[in-house]
2 protein chains.
Amino acid sequence: MVGESSRIASQDGLRADARRNRGRILVAARAVFAEHGIDAPMATVARRAGVGVATLYRRFPTRDALVRAAFAQQMETCARALTEALDDPDPWRGFQRLIETACELQREERGFPAAFVAAFPDSTVDHARARQRAERDLMTLVRRAQAAGALRADFHPSDIAVALLSHCALVTALPHDRAASRRLVAYLLQSFRAEAAHGALPPPSALSLRSLPLAADGSQGAQPSNTAQRT
Amino acid sequence: MVGESSRIASQDGLRADARRNRGRILVAARAVFAEHGIDAPMATVARRAGVGVATLYRRFPTRDALVRAAFAQQMETCARALTEALDDPDPWRGFQRLIETACELQREERGFPAAFVAAFPDSTVDHARARQRAERDLMTLVRRAQAAGALRADFHPSDIAVALLSHCALVTALPHDRAASRRLVAYLLQSFRAEAAHGALPPPSALSLRSLPLAADGSQGAQPSNTAQRT
DNA sequence: GGTCAAACGGACGATGTCGTCCGGTTCGCA
DNA sequence: TGCGAACCGGACGACATCGTCCGTTTGACC
């Protein structure tokens, strides 16, 4: 098919041992990040995976690449939730479930919140297309729920980011306190409902939804984009 | 009075140059922490203050001591806000202002949020008395606002911590986005109002309010408690 | 089974931060 | 003015992490 050198049959172009090690590294990374935070030494991840540091760096040149790959599955769950939310015939329920799913993921998958915020700001050029679509979907979701009279009219799409980021940080500060997380989500959702709109709100943030890690594109879990560089 | 060697007249027992340098260090620390985060190198703070590292370490043996001292003023503002909230004849307004003041402080004083959460978990034994009083005051504040029918009945004191911590994290993630911060506060306050109570809430967190850095005790800004140790 | 590229992993130099030590300086008091 | 204690600050060794280099091993294909 694609005119590669084609000595290797496996789909991802990795040798069997390499692929096996890659998997081990991702498992180890999730465990280590959950336990010691996202800034844990790379060597710790390598040791836990039973590989050398060089193997780790070869597969994931930067910590960022490792983090993204380690939590690609969770990111994708977020993205799928967005699709499902749009498919829900009840606009409010779709909206509500999106928020709840994203927050539940942040709550249950330790280490993921850090990845979530880490992926947040520096995603301006990265896989722009998928993010643009996610942004559009979010706005559609919001408008539909507003048109149905369930979501308050002065809700601004950027409020989604406000909600997700603040919740994110709460679970980071209190990783074991699920009750606190659930409470915050419940409070936020209640105040997002149309009938909760009593006073006026201050102006919305200029935050772009495009930067929210809700975009489903396969590239995240794939090979490290060797162009990715942290400064 | 206290039978000191008494060669030094100044109240804090520091020589004039030492006191001057201490002030410089605090100013520099606030600036550096705001700019580079709370984990900025101690040497950076020292350089900015125009003193040697040794001077910095002599005055503040641990980073923690420096952080506490640097933001003691902000902590005290928080604590004063609590007192004022209790003095307000309108229970709801008192409650509202407390939340708003604390959040405004977090929003405007860059670096303070990090100090706020840093002070949060490891304050179990530290100046326990003041914290106990703060806890009692908070509960009084909540009960009064509930009795007045302004604060929803299912509001739990620990929700204050939920609100402050999540807001704290939001401004940490988006230090420049004041609109996002104000929005979150407005949403939270609206959902705390009695008339916003529509559905049932999940059970409250077991979080102790005692650990919230809202306690005003002079010890924070004073000499570093040499017993304080990080592990 | 043989060949070779790909993958492996430990060692290593570079870098940055920490916290202390000590010789020189300055302040406060007589 | 003189003295001594307190203070100052740069230098320094210890330590952790980073990311690369390179000799060795392993898997895929013939």
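General observations
- Between copies, the label points at B:A200 (set 7 angstrom from Cα along Cα-to-Cβ) are spaced 3.8 nm, reported in nanometres from shortest to longest.
- Relative contact order %, region B:72-216, counting alpha carbon pairs below 8 Å whose residues are six or more apart: 39
- Solvent-accessible area per residue, Å², over region A:72-214 with all protein chains present [probe radius 1.4 Å]: 40
- Rounded percent of accessible protein surface that carbon and sulfur make up, region B:147-211, 1.4 Å probe: 58
- Accessible area ranking (1.4 Å probe, heavy atoms, ligands and nucleic acids excluded), largest first, for B:Y187, A:Y57: A:Y57, B:Y187.
- Computed with a 1.4 Å probe over protein heavy atoms only, the accessible surface of region A:16-70 comes to 47 Å² per residue.
- Selection from B:A85, B:P61, B:T101, by position along the positive dipole direction of region B:51-117 (Cβ): B:P61
- Protein-protein interface of region B:160-180, residues with accessible area decrease of at least 10 Å², isolated chain reference, 1.4 Å probe: B:V162, B:L165, B:S166, B:A169, B:L170, B:A173, B:L174, B:D177, B:A179, B:A180
- Dipole check for region A:72-214: with +1 at the C-beta of Lys and Arg, -1 at the C-beta of Asp and Glu, and the Cα centre as origin, the magnitude is about 120 Debye.
- Legend: residues A:V117, A:V27, A:V32, sorted from most to least accessible area (1.4 Å probe; ligands, DNA and RNA excluded), read A:V27, A:V117, A:V32.
- Candidate residues A:E108, A:E35: accessible-area rank, largest first, probe 1.4 Å: A:E35, A:E108
- Residue and distance for the chain A Cβ closest to the axis that moves A onto B, in whole Å, come to A:A169, 1.
- Of interest is the spacing of the C-alpha centroids, which for region B:165-182 and region B:38-91 amounts to 20 Å.
- The contact between chain B and chain A removes approximately 3000 Å² from the accessible area (both sides summed; 1.4 Å probe; ligands, DNA and RNA excluded).
- Rel. contact order, % - alpha carbon contacts under 8 angstrom, at least six apart, region A:16-70: 40
- Cut-off 18 Å (backbone N to label point 7 Å along Cα→Cβ of A:E35), residues of region A:51-89: A:51-53, A:67, A:70-71
- Pairwise FRET efficiency - B:R20 versus B:E76, Cβ, R0 = 25 Å, nearest 0.05: 0.70
The values are calculated or read from the model by the stated rules, or taken from the named source; none is laboratory data. None of these values were measured; they are calculated from a predicted model. Note that we place each Cβ from the backbone using ideal geometry, even for glycine, and neighbour counts take in every protein chain shown. Surface areas here come from the heavy atoms of the whole protein model, side chains and all, with no ligands, DNA or RNA. Shrake-Rupley method; radii C 1.70, N 1.55, O 1.52, S 1.80 Å.
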